[in-house]
Each structure stands twice: as C-alpha cells, then as structure tokens.
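First the structure, in the form of structure tokens, and then the observations on it.
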Amino acid sequence: MQRKELIPLISERLWPRKNLREADVWVQAVSVGEVEIASTLVASLRAERPGLRVLVTSTTPAGVALAGKRFTESVATRPFPLDLPPTVKRFFNRVAPRLLVLVETEIWPAILAEARKRRTPVAVVNARLSDRSVRFWKHAGRLLSLSALTRVAARTEEDAARFAEIGIPMERITVAGDLKLDRPLPEEPTFAGAFRALAASRPVLVAGSLAEEELDLLLAARRNLAAAGVTPFLLVAPRRPELFDAFAGRLEAGGLRLARRSRLGEARGAPDAFLLDSVGELAGTYRLGTVALLGGTFGERGGHNVLEPLRAGLPTLVGPSIWNIRASVEAAGDGCLAVADAGDVAARFLELVRDEARRSRAGSAAERLFATSSGATARTVAIVLALLDDNQRS
C-alpha cells in the first residue's frame with residue numbers, strides 16, 4: 001500500500017467516520033488469514049440469519065483490502081479502530097453492536113473495557129493461545145479486562161486449557177475446532193494457464209508465506225537441487241505485501257529469471273521463478289504446485305497456515321518452528337514432512353518428485369484430516385447465535 005493510501009487508513013483508525021452502519025455482529029479479523037476465517041464464519045451466519053447486519057473490521061492494510069474483496073455490499077467492512085478509549089467509544093457509539101466476535105487472538109484492553117461497560121457480549125472464535133502468550137496473559141490479564149470474554153470457542157483441547165490457565169472460567173470455554181478445516185478447496189487462480197505455460201512441465205516448489213529471512217534458505221535449496229540435476233520452477237509467495245519488491249530484487253540478484261503475477265503480460269521465455277505479488281490468491285495457487293515449503297517454520301515465527309497447502313493435496317515441508325501449528329502438523333501425519341535446513345529441503349523435494357506413491361500418500365493423509373475434522377463452523381455459528389439471542393432477551 002502506497003503512503004497516500006496508508007494515511008487515510010491510519011486516520012480512520014484513529015477517528016472512525018460518522019456514517020458507519022449499525023451492526024448486530026461486529027467481527028474483528030486482524031489480517032489476511034483471519035479475514036479468510038471470518039469469511040467462512042460470516043457466510044454461515046448469514047445463511048442461518050439472512051437479515052443479520054454484520055460488520056467486519058481488519059487491522060492491517062492487506063487485511064482491509066482483502067475484506068473489501070471477500071464480502072459483498074451487504075456486509076460492511078472498515079478498518080479496526082485504534083485501541084484508545086476515545087476512539088473505541090466513538091466506534092461503539094456508531095456501530096452499536098449486539099455482539100463482538102474476535103477471530104483467533106484479538107485481545108485489546110480498551111475494546112474489552114468498553115464492551116464490558118456496555119454489557120456487549122464478546123466471543124473469541126477459532127481461539128488459540130501459544131505457550132508464550134499464556135505467560136504474558138497470566139500476568140497482564142487482570143489489567144486488560146479478560147473478564148469481558150463471554151465465550152471462547154477454542155480450536156483444540158490444548159488451546160482451551162491455555163485460556164483456562166489465563167483465568168477464563170471453564171464454563172465459558174468450548175472446543176469448537178478449527179474453522180480453517182471447513183474451508184472448501186479454492187478454485188485455481190485466473191492465471192493458472194499462463195503459469196503452467198511458464199512452468200513448462202517442470203516440478204513446482206511453492207514457497208508459501210515466506211518470511212524475509214527464509215528466502216536465502218529457498219535459494220540455497222534450489223542450488224542444491226541444481227547440483228543434483230533438478231531445476232524446479234519456484235513459486236514464491238512473500239508473507240507480507242511490503243516484501244514484494246524486495247523479494248523480486250533478491251531473486252534476480254541471485255541470478256534467477258523472474259516472472260511476476262502483477263506483470264504477467266511481460267513474462268517471456270522460461271523463467272526460473274514466479275513471484276506471487278498479490279493478496280488473497282495463495283490458497284488457490286497451491287493447486288499449481290508439486291510440493292509446498294511452508295513459510296514461518298524457520299526462525300522463531302511458529303509457522304503459518306499449513307492447512308492451505310494440505311487442502312490442495314500437496315506434500316508440505318515444514319521447518320522446526322511449528323509451535324503455532326503443531327496440532328495441525330501432527331494431525332496431518334504423512335501430509336507433512338519435517339526439514340531442518342536447505343539440504344533437507346532439497347533432499348525431501350527430490351524424494352517426493354521421484355516417488356509418485358509417496359506424494360499420493362501425502363495427499364491421502366491430508367484428505368483424511370479434512371474428512372475427520374470438519375464441523376467447526378456449525379459449532380461456532382451455534383455459539384455465536386446463542387450469544388446474540390441471549391443478549392436480545394436480556
């Protein structure tokens with residue numbers, strides 16, 4: 001997002017506009033991944049209650065932009081207000097929500113304090129907490145109005161136990177499952193045909209949600225593969241939009257011929273890599289790959305959305321940092337393969353490219369995961385609507 005676009009966004013977050021629509025349900029989804037979860041939830045809520053007035057907010061520029069694409073005009077979308085008491089009060093005055101729904105781990109002191117003051121119920125859905133977060137909230141929770149959390153619909157038993165550990169009464173916590181497991185297989189992206197022409201039948205390694213510090217590992221793995229006589233077509237999806245140009249420069253500095261999603265008409269010949277410099281297309285783009293390398297699993301980030309490549313049926317290579325996604329990785333079984341460094345990435349990729357049966361086992365393991373773990377959306381919708389109805393009666 002350019003500076004001229006960023007300034008109005010920051011301005012509205014500080015001073016919410018006057019013409020905000022009132023909403024029955026306000027859903028806060030911090031960024032791109034959470035907006036995707038919110039889209040699943042909101043679609044099911046409105047299927048149950050077609051007249052339900054819903055507002056979806058997001059914090060990051062990428063999240064705000066994606067919300068504008070994912071929701072029709074019948075669902076309002078706005079930037080999330082800054083967590084300052086005057087700003088939050090103004091937002092509540094305009095929107096007057098009957099229920100606030102926070103996606104995953106969106107705990108904001110001023111928001112919760114204002115919700116408690118107005119007796120607005122608050123639900124956390126697809127709720128997750130890491131061990132690191134538990135240590136913080138155990139010390140800070142009393143100061144940050146955690147008592148305002150009316151219901152917690154946790155992803156897993158472990159997440160439920162962590163919310164209990166930070167002081168949420170067990171009677172307010174339900175294990176509802178992971179909403180991401182209910183997301184359908186997305187359609188292939190509109191550029192699928194052009195991409196396959198550029199790939200020219202080469203195996204495709206999709207490096208999804210890659211952090212800045214992980215690009216060197218990917219380039220080293222490619223050099224190892226080239227030394228072994230295999231040159232995959234790299235599909236590189238940076239984690240954040242502000243990395244797009246930097247990744248392009250580093251890929252080209254590494255001697256790779258590059259095609260960019262945003263400049264597809266300029267692509268010529270047989271490039272070495274394809275940069276997915278767009279927002280909201282990665283899930284469908286995984287369908288164009290042979291093997292996935294999951295970003296955020298090297299370093300200290302804990303891993304990003306592993307369910308997207310698994311849903312696309314790709315064997316998924318994950319590094320050692322998976323504390324944020326451990327339950328999904330373990331549940332995926334043969335769908336995920338552990339790697340430690342660039343040498344491991346190259347070796348596993350070679351193994352998978354040369355062994356169709358191994359790739360098939362990975363795909364079957366992923367299918368079993370989704371087939372046996374669905375239903376989170378229905379359970380979460382029931383929780384949200386019950387809270388809404390209880391608030392209407394009170």
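The values are calculated or read from the model by the stated rules, or taken from the named source; none is laboratory data. Remember, it's a predicted structure, so these values are computed and weren't measured experimentally. Here the Cβ is made from the backbone with ideal geometry for all residues, glycine too, and neighbour counts use every protein chain on show.
Please find, within the stretch 85-114, the residue that is surrounded by the fewest Cβ atoms within 10 Å (Cβ to Cβ) out of those that are outside any loop (DSSP other than H, G, I, E, B) and among the aromatic types (Phe, Trp, Tyr).
Across the stretch 85-114, the extreme among qualifying residues is Phe92.
Check Glu266, Glu242 and return the single one that is of a type in the set (Asp, Glu) and within 20 Å of the chain's Cα centre (by Cα).
Step by step, each of Glu266, Glu242 is checked, and only Glu242 is of a type in the set (Asp, Glu) and within 20 Å of the chain's Cα centre (by Cα).
Quick test for you: out of Ala160, Ala153, Ala207, pick the one residue that is assigned by TED's automatic domain parsing to the domain that holds Val103 and part of a strand (DSSP E or B).
Ala153
Please work out which residue is nearest to the chain's Cα centre (by Cα), limiting yourself to the stretch 20-55 and to residues that are more than 18 Å from Val103 (Cβ to Cβ) and free of Cβ contacts under 8 Å to residues at least 24 places away in the same chain.
For the stretch 20-55, the residue satisfying everything is Ala47.
Please determine whether any residue of the stretch 344-357 is at pLDDT 95 or above, under 21 Å from Gly177 (Cβ atoms) and assigned to a helix (DSSP H, G or I).
Looking for residues that are at pLDDT 95 or above, under 21 Å from Gly177 (Cβ atoms) and assigned to a helix (DSSP H, G or I), one finds none in the stretch 344-357, hence no.
Among the residues of the stretch 329-343 satisfying the criterion of being touching a residue at least 60 places away in the same chain (Cβ under 8 Å) and part of a helix (DSSP H, G or I), which is surrounded by the fewest Cβ atoms within 10 Å (Cβ to Cβ)?
Among them, the one singled out is Gly343.
Within the stretch 280-303, does at least one residue satisfy the condition of being out of contact with any strand residue (DSSP E or B) (no Cβ under 8 Å at 6 or more places or on another chain), farther than 22 Å from Ser130 by Cα and at pLDDT below 95?
Yes; the residues of the stretch 280-303 include at least one that is out of contact with any strand residue (DSSP E or B) (no Cβ under 8 Å at 6 or more places or on another chain), farther than 22 Å from Ser130 by Cα and at pLDDT below 95.
Provide a single number: the residues in the stretch 22-39 that are touching a Leu at 6+ places or on another chain (Cβ under 7 Å) and surrounded by fewer than 18 Cβ atoms within 10 Å (Cβ to Cβ).
0
Please go through (1) under 26 Å from the mean Cα position of the chain (by Cα); (2) more than 26 Å from Leu264 (Cβ to Cβ); (3) not assigned by TED's automatic domain parsing to the domain that holds Ala366 for Pro169 and return the number of the only condition it doesn't satisfy.
(1)
With the structure loaded, tell me whether Ala65 is surrounded by 19 or more Cβ atoms within 10 Å (Cβ to Cβ), among the aliphatic types (A, V, I, L, M) and touching a strand residue (DSSP E or B) at 6+ places or on another chain (Cβ under 7 Å) or whether it fails that test.
Against the criterion (surrounded by 19 or more Cβ atoms within 10 Å (Cβ to Cβ), among the aliphatic types (A, V, I, L, M) and touching a strand residue (DSSP E or B) at 6+ places or on another chain (Cβ under 7 Å)), Ala65 does not qualify.
Would you confirm whether any residue within the stretch 70-78 is closer than 28 Å to Asp159 by Cα and not charged (D, E, K, R)?
no
Within the stretch 184-218, which residues are under 17 Å from the mean Cα position of the chain (by Cα) and either surrounded by 21 or more Cβ atoms within 10 Å (Cβ to Cβ) or of a type in the set (A, V, I, L, M) (or both)?
Leu185, Val206, Ala207, Gly208, Ser209, Leu210, Ala211 - these are the residues of the stretch 184-218 that are under 17 Å from the mean Cα position of the chain (by Cα) and either surrounded by 21 or more Cβ atoms within 10 Å (Cβ to Cβ) or of a type in the set (A, V, I, L, M) (or both).
Just name the residue that is surrounded by the fewest Cβ atoms within 10 Å (Cβ to Cβ) out of those in the stretch 234-250 that are farther than 23 Å from Ala312 by Cβ and at pLDDT 95 or above.
If we take residues in the stretch 234-250 being farther than 23 Å from Ala312 by Cβ and at pLDDT 95 or above, then Gly249 is surrounded by the fewest Cβ atoms within 10 Å (Cβ to Cβ).
Ala267 fails exactly one of the following numbered conditions: (1) surrounded by fewer than 20 Cβ atoms within 10 Å (Cβ to Cβ); (2) aliphatic (A, V, I, L, M); (3) in contact with a Leu (Cβ under 7 Å, 6 or more places away or on another chain); (4) under 25 Å from Ala227 (Cβ atoms). What is the number of that condition?
Condition not satisfied by Ala267: (4).
Out of all the residues in the stretch 233-257, which are assigned to a loop (DSSP other than H, G, I, E, B) and more than 21 Å from Gly296 (Cα to Cα)?
Result: Gly254, Gly255, Leu256, Arg257.
I need the full set of residues from the stretch 8-21 which are loosely packed, with under 14 Cβ neighbours inside 10 Å and part of a loop (DSSP other than H, G, I, E, B), in order please.
Those that are loosely packed, with under 14 Cβ neighbours inside 10 Å and part of a loop (DSSP other than H, G, I, E, B): Arg17, Lys18, Asn19, Arg21.
Which one of Arg311, Arg239, Arg268 is in contact with a Lys or Arg (Cβ under 8 Å, 6 or more places away or on another chain) and of a type outside the set (A, V, I, L, M, F, W, C)?
Arg311
If only one of Arg326, Arg379, Arg311 is surrounded by fewer than 20 Cβ atoms within 10 Å (Cβ to Cβ), on the phi < 0 side of the Ramachandran plot and not assigned by TED's automatic domain parsing to the domain that holds Ser39, which one is it?
So the residue among Arg326, Arg379, Arg311 that is surrounded by fewer than 20 Cβ atoms within 10 Å (Cβ to Cβ), on the phi < 0 side of the Ramachandran plot and not assigned by TED's automatic domain parsing to the domain that holds Ser39 is Arg326.
Could you go through the stretch 122-138 and let me know if any residue there is touching a residue at least 12 places away in the same chain (Cβ under 8 Å), assigned to a helix (DSSP H, G or I) and buried (at least 18 other Cβ atoms within 10 Å of the Cβ).
Yes, the conditions are met somewhere in the stretch 122-138.
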